[in-house]
Amino acid sequence: MAVCGNPAPSFKFERLPTFAEPTHYDVRLSPCLNQFSFEGLSTVDITIKEATDVLKVHAQSLHIQSVSLVSNPGDASKTLETSYDDKLNILSIKLPSVLQPQKVQLVFKFVGELNDKMRGFYRSQYKDKAGTEKFLASTQFESTYARYAFPCFDEPIYKATFDVTLEVENHLTALSNMNVISETPSADGKRKVVKFATTPKMSSYLVAFAVGELEYISAQTKSGVEMRVYTVPGKKEQGQYSLDLSVKCIDWYNEWFDIPYPLPKCDLIAIPDFSMGAMENWGLVTYREIALLVDPGVTSTRQKSRVALVVAHELAHLWFGNLVTMKWWTDLWLKEGFASFMEYMFVGANCPEFKIWLHFLNDELASGMALDGLRNSHPIEVEIDNPNELDEIYDSITYAKSNSVNRMLCYYLSEPVFQKGLRLYLKKFQYSNAVTQDLWTALSEASGQNVNELMSGWTQQMGFPVLHVSQRQDGNNRILTVRQRRFISDGGEDPKNSLWQVPITVSIGSAPSEVKARFLLKEQHQEFVVEGVQPGEWVKLNSGTTGFYRVEYSDEMLTAMLPDIASRKMPVLDRFGLINDLSALLNTGRVSIAQFVQVAASSANEDEFVVWGAIDEGMSKLLGCAREMSEDTLKSAKQLIIKLFEKTGAELGFAEQAGEDSQKMMLRALVQARLARAGHQPTIDKFNQMFNDFLEKGTPIHPDIRLSTFGVVARCGGKEGFDKLMNLRETTTFQEIERQTMIAMSQTPEQPLLAQLFEYGFEKNKVRPQDQLYLFVGTGATQMGQQYAWTYFCEHIKEFLEKYGGANSSLFQRCLKFAGESFGSEQRAVEFQDFFCNCKDLTDTDRQTLARPIGQTVEAIRLSARLLESNRKVIEELLKQHNV
Ligand code: BES
Ligand code: ZN
């Protein structure tokens, strides 16, 4: 992608040549936690497949001391000349002569750094009970960082077995993918040498080590796998929830996939510094602390359900990803999309209390659509030339859209058929690699249908369709006219005229929970007959919101549904889908904020958290527009929202009631927080009182309303409130509370406080780099905050790049997006884009890496601007009409 009119840089990316491949590695590393370094010795068994006088392997940030070749066992080794390409991270090893196809061994001696960039073999820092600074070492190799730890064929296609040996200080625990097979004193007797069993055939990005003062709890699965949860000292009890769940999960997957987990053990370890959420290293899964550790009285329901999802996600990878791996990163979705889908399958079946499929709609379906509605989206099967573009691809397309498309297919084929296809696929490609086509072939075999034809439109084209539906009655038949076109958030034309095969389901007013009819839309425009529908009865498409498409109804069709939305006769998944579609159509200009408010008003009896979430999102758009219009408009809009939310707020109150489900407290938090944001004074007072009672009398705040409470304190509590939050952050040891105080404090309306917060977090480094992006999260709450965050980002971009390890870092990219995305005018869109074009701290390669995230943010800014322009008049009239 070219940026700013600059030609794409001329650098041409290269994969490793295919004339040689590794079969086995013997890797010995001696990390030194005091000196932040490690020494390494590795032997790689290589099969030469075509005559060559050179071998190439990946290596990065390694000081290679020597490379030697053994062509026949027992031969003396020859030391070889090497050259290094620092753009490709490829070490070329010159062979003494042209070697014909044969097996050889390369022996590498090298030294590396335990870096602080959360990639490769890196160090993580924490304080022990006495407050002393301590370090542990851990790894993050996906996608291309195994090469930071030892020279290797660092592409997923090169599967090999690994023997790992770690030499560490006696008091430390050393972990790797496999179980320990021996522990002996080192040559000088000062350290211990820990040797691990041979791994199965696997890709380099799945290798892992961990070294530190660790403690654990353990349990066994029914099938006899030893499961452990490791933490830094003092935290192992917080691993109990994940341990119990992971034991269940392995057994559940063993059955579901019909392939037993092949390793004797699986460790789950919480690492204090971790760039992503978690990583599925085979047998040694690494997690952020917040993604693994739970304190039953303190963790919020939402966070607990996230822990369940993350645990289940990574363990699903043990099959989808580790056992069967994509051939190249283009098919990344084959592992991420399926691990994401299986996490919901597992949690849905085993943790009913979370009502996880309701959350699926907002967290996966809606979030996938939000990104995929942009012109700067990308297909699920995305061309990856240079893996430097890779981090950016771990996005809501690869995760949320893939996940939703899988769910759509699962419903279309039925779960047993879908499962049968997946089992076929896993068995056929285990210990090997696959491409998307292989999966479609297996699913076609299982279903007897042409799955490739059905699905390729969803994975190879970007975007998704919106169906325009109108109807007429013919006796007892309802005739639907359906047109598809690409849904683009700005409402504009699709440059490509894309078409999809859309599985359509229909439900009707007299049986709202049933699928009355099924069709497959293949053409741009088709008519379908639904039999047995009374005149006047509503007809709705996409029953259960199982499809990855939006529907735009004729006025008549929409109006007919409103009473059953109000009475909640329409099922919750459908109510959510309908309202979320409407909210998205706001930006296209095809639905006005007034129409949305009408639907919101008819949802006064709504009792489900997720549906309120969709309503609330529309309200937040209304407030966003009003804020840009004038002080008075903003005031009136706030009053309108109070009018809409007040009754529900009063009914819900603030306290948990006996016998409620897990969603009620979240709903309470959402509604009361919206009322507080709208300036409803009694609600604000109540929140402040809860916070003060907590600080002064120790009255606990329910974990599910804690973030809302902190937010109100930060927005309305001035310096005093801010200081209390800061104090709480400094004294708590619990990561979720830490995070929530930061998100809250960043919402302060006072610039000096925001400046203090940013200095504290970024300059004084009091916030771990992995968490610094949370300082941006709340700044969109005020115009001052937006401006501050943006200016700060611009002025410190050099430090950000340096700290997060470059433009390819996902932490950097997330900060970039947060810094701009709450703007809402054309002028800001241009300013944002221009900054990156002109920024001296970026190279052309950086600009290329960042093209898509920048494009997406610019587009998001323009969408807000558009929303405002198309709704100015509507909002004025709406507010007049409601007399507020
Ligand atoms: N394989 C990924 C971790 C990863 C992401 C490595 C990006 C390299 C680059 C892991 O399985 C994952 O998907 N983690 C998610 C959490 C999950 C529950 C969606 C994450 O880290 O956000
Ligand atoms: Zn994953």
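Taken over region 589-615, the criterion of being part of a helix (DSSP H, G or I) and surrounded by fewer than 21 Cβ atoms within 10 Å (Cβ to Cβ) is satisfied by Ala594, Gln595, Gln598, Ala601.
When every residue of region 325-335 is checked against the conditions, none turns out to be under 16 Å from the mean Cα position of the chain (by Cα), of a type in the set (S, T, N, Q) and within 13 Å of ligand 1 (Cβ to nearest atom).
Return yes when Ile393 is within 15 Å of Thr459 (Cβ to Cβ) and more than 17 Å from the chain's Cα centre (by Cα) and no when it is not. Criteria not met by Ile393. Of all the criteria given as (1) under 24 Å from the mean Cα position of the chain (by Cα); (2) surrounded by fewer than 22 Cβ atoms within 10 Å (Cβ to Cβ), the one not satisfied by Asp581 is (2). When you look at Asp251, is it away from ligand 1 (no atom under 15 Å from the Cβ), buried (at least 22 other Cβ atoms within 10 Å of the Cβ), not aliphatic (A, V, I, L, M) and not in a loop (DSSP other than H, G, I, E, B), yes or no? No, not satisfied. Candidates Thr330, Thr325: the one that is buried (at least 24 other Cβ atoms within 10 Å of the Cβ), more than 12 Å from ligand 2 (Cβ to nearest atom) and farther than 26 Å from Pro700 by Cβ is Thr325. Give region 268-297 a look and list any residue that's within 13 Å of Leu318 (Cβ to Cβ), part of a strand (DSSP E or B) and more than 13 Å from ligand 2 (Cβ to nearest atom), or say none. Selection gives Leu268, Leu284.
Counting the residues of region 116-140 that are assigned to a strand (DSSP E or B) and either closer than 17 Å to Ile46 by Cβ or within 16 Å of ligand 1 (Cβ to nearest atom) (or both) gives 7. Closer than 23 Å to Asp128 by Cα, under 21 Å from the mean Cα position of the chain (by Cα), within 14 Å of ligand 1 (Cβ to nearest atom) and surrounded by 24 or more Cβ atoms within 10 Å (Cβ to Cβ) - does that describe any residue in region 292-310? The answer is yes, given that some residue of region 292-310 is closer than 23 Å to Asp128 by Cα, under 21 Å from the mean Cα position of the chain (by Cα), within 14 Å of ligand 1 (Cβ to nearest atom) and surrounded by 24 or more Cβ atoms within 10 Å (Cβ to Cβ).
Every residue, every condition in (1) among the hydrophobic types (A, V, I, L, M, F, W, C); (2) within 23 Å of Asp116 (Cβ to Cβ); (3) touching a helix residue (DSSP H, G or I) at 6+ places or on another chain (Cβ under 6 Å), yes or no:
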| residue | (1), (2), (3) |
| --- | --- |
| Leu773 | yes, yes, yes |
| Tyr788 | no, no, yes |
| Lys798 | no, yes, no |
| Phe823 | yes, no, yes |
| Gly855 | no, no, no |
| Leu863 | yes, no, yes |
| Leu867 | yes, no, yes |
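Against the criterion of being under 23 Å from the mean Cα position of the chain (by Cα), modelled with pLDDT under 95 and among the aliphatic types (A, V, I, L, M), Ala819 does not qualify.
Has region 176-186 got at least one residue that is hydrophobic (A, V, I, L, M, F, W, C), free of Cβ contacts under 8 Å to residues at least 60 places away in the same chain and not in a strand (DSSP E or B)?
The initial filter retains those residues of region 176-186 that are hydrophobic (A, V, I, L, M, F, W, C), namely 178, 180-181.
From what's left, free of Cβ contacts under 8 Å to residues at least 60 places away in the same chain: 180-181.
Now restrict to residues that are not in a strand (DSSP E or B): none.
The answer is no; no qualifying residue exists.
Quick check on Glu314: is it within 13 Å of ligand 1 (Cβ to nearest atom) and either in contact with a strand residue (DSSP E or B) (Cβ under 7 Å, 6 or more places away or on another chain) or of a type in the set (Val, Ile, Thr) (or both)? Answer is yes for this residue. The single residue among Asp295, Asp258 that is in contact with a helix residue (DSSP H, G or I) (Cβ under 9 Å, 6 or more places away or on another chain), on the phi > 0 side of the Ramachandran plot and in the same structural domain as Asp438 (by the TED database) turns out to be Asp258.
Can you pull out every residue in region 205-247 that is part of a helix (DSSP H, G or I) and surrounded by fewer than 17 Cβ atoms within 10 Å (Cβ to Cβ)? Reasoning before the result, please.
We begin by selecting, within region 205-247, every residue part of a helix (DSSP H, G or I); these are 205-206, 236-247.
Scanning region 205-247 gives Glu237, Gln240, Asp244.
Going by the conditions given, is Ser246 in contact with a Cys (Cβ under 8 Å, 6 or more places away or on another chain), over 27 Å from Glu381 (Cα atoms) and within 16 Å of ligand 2 (Cβ to nearest atom)? Yes, satisfied.
One residue alone among Gly283, Gly277 is modelled with pLDDT of 95 or more and crowded, with 20+ Cβ neighbours inside 10 Å, and that residue is Gly283.
When you look at Thr286, is it within 11 Å of ligand 1 (Cβ to nearest atom), under 25 Å from Gln772 (Cβ atoms) and of a type in the set (S, T, N, Q), yes or no? Reasoning before the result, please.
On the way: within 11 Å of ligand 1 (Cβ to nearest atom): yes; under 25 Å from Gln772 (Cβ atoms): yes; of a type in the set (S, T, N, Q): yes.
Yes; evaluated as a whole, the condition is true for this residue.
Cβ-Cβ contacts under 6 Å between residues 6 or more apart (or on different chains), taken from a first residue in region 310-324 that is more than 13 Å from Ser432 (Cα to Cα) to a second residue that is within 8 Å of ligand 2 (Cβ to nearest atom) and in a loop (DSSP other than H, G, I, E, B), are listed as Glu314/Glu280; His317/Glu280. Any residue at all in region 669-678 that is free of Cβ contacts under 8 Å to residues at least 24 places away in the same chain and buried (at least 18 other Cβ atoms within 10 Å of the Cβ)? There is no residue in region 669-678 that is free of Cβ contacts under 8 Å to residues at least 24 places away in the same chain and buried (at least 18 other Cβ atoms within 10 Å of the Cβ).
Annotation: of all residues in region 828-850 being among the β-branched types (Val, Ile, Thr) and in contact with a Pro (Cβ under 9 Å, 6 or more places away or on another chain), the one that is surrounded by the most Cβ atoms within 10 Å (Cβ to Cβ) is Thr845. Whether any residue in region 336-343 is touching a residue at least 12 places away in the same chain (Cβ under 8 Å), within 10 Å of ligand 1 (Cβ to nearest atom) and outside any helix (DSSP H, G or I) is what I want to check. Within region 336-343, not a single residue is touching a residue at least 12 places away in the same chain (Cβ under 8 Å), within 10 Å of ligand 1 (Cβ to nearest atom) and outside any helix (DSSP H, G or I). For region 95-121, taking the residues that are touching a helix residue (DSSP H, G or I) at 6+ places or on another chain (Cβ under 7 Å) and of a type in the set (Gly, Ala, Ser), the one that is farthest from Thr82 (Cα to Cα) is identified as Gly120. Of all residues in region 794-816, those being out of contact with any Leu (no Cβ under 9 Å at 6 or more places or on another chain) and touching a residue at least 24 places away in the same chain (Cβ under 8 Å) number 6. When you check Asp564 against the structure, is it among the acidic types (Asp, Glu) and surrounded by fewer than 21 Cβ atoms within 10 Å (Cβ to Cβ), yes or no? Judged against the criteria, Asp564 is a match.
Taking the criterion of being under 20 Å from Ser746 (Cβ atoms) and of a type in the set (D, E, K, R), the residues of region 688-715 that qualify are Arg706, Arg715.
The one condition from (1) buried (at least 18 other Cβ atoms within 10 Å of the Cβ); (2) not assigned by the TED database to the domain that holds Gly509 that Leu558 does not meet is (2).
The values are calculated or read from the model by the stated rules, or taken from the named source; none is laboratory data. Keep in mind it's a predicted model, so treat the numbers as computed, not measured. Note: ideal-geometry Cβ built from the backbone for every residue, glycine included; neighbour counts use all protein chains shown.
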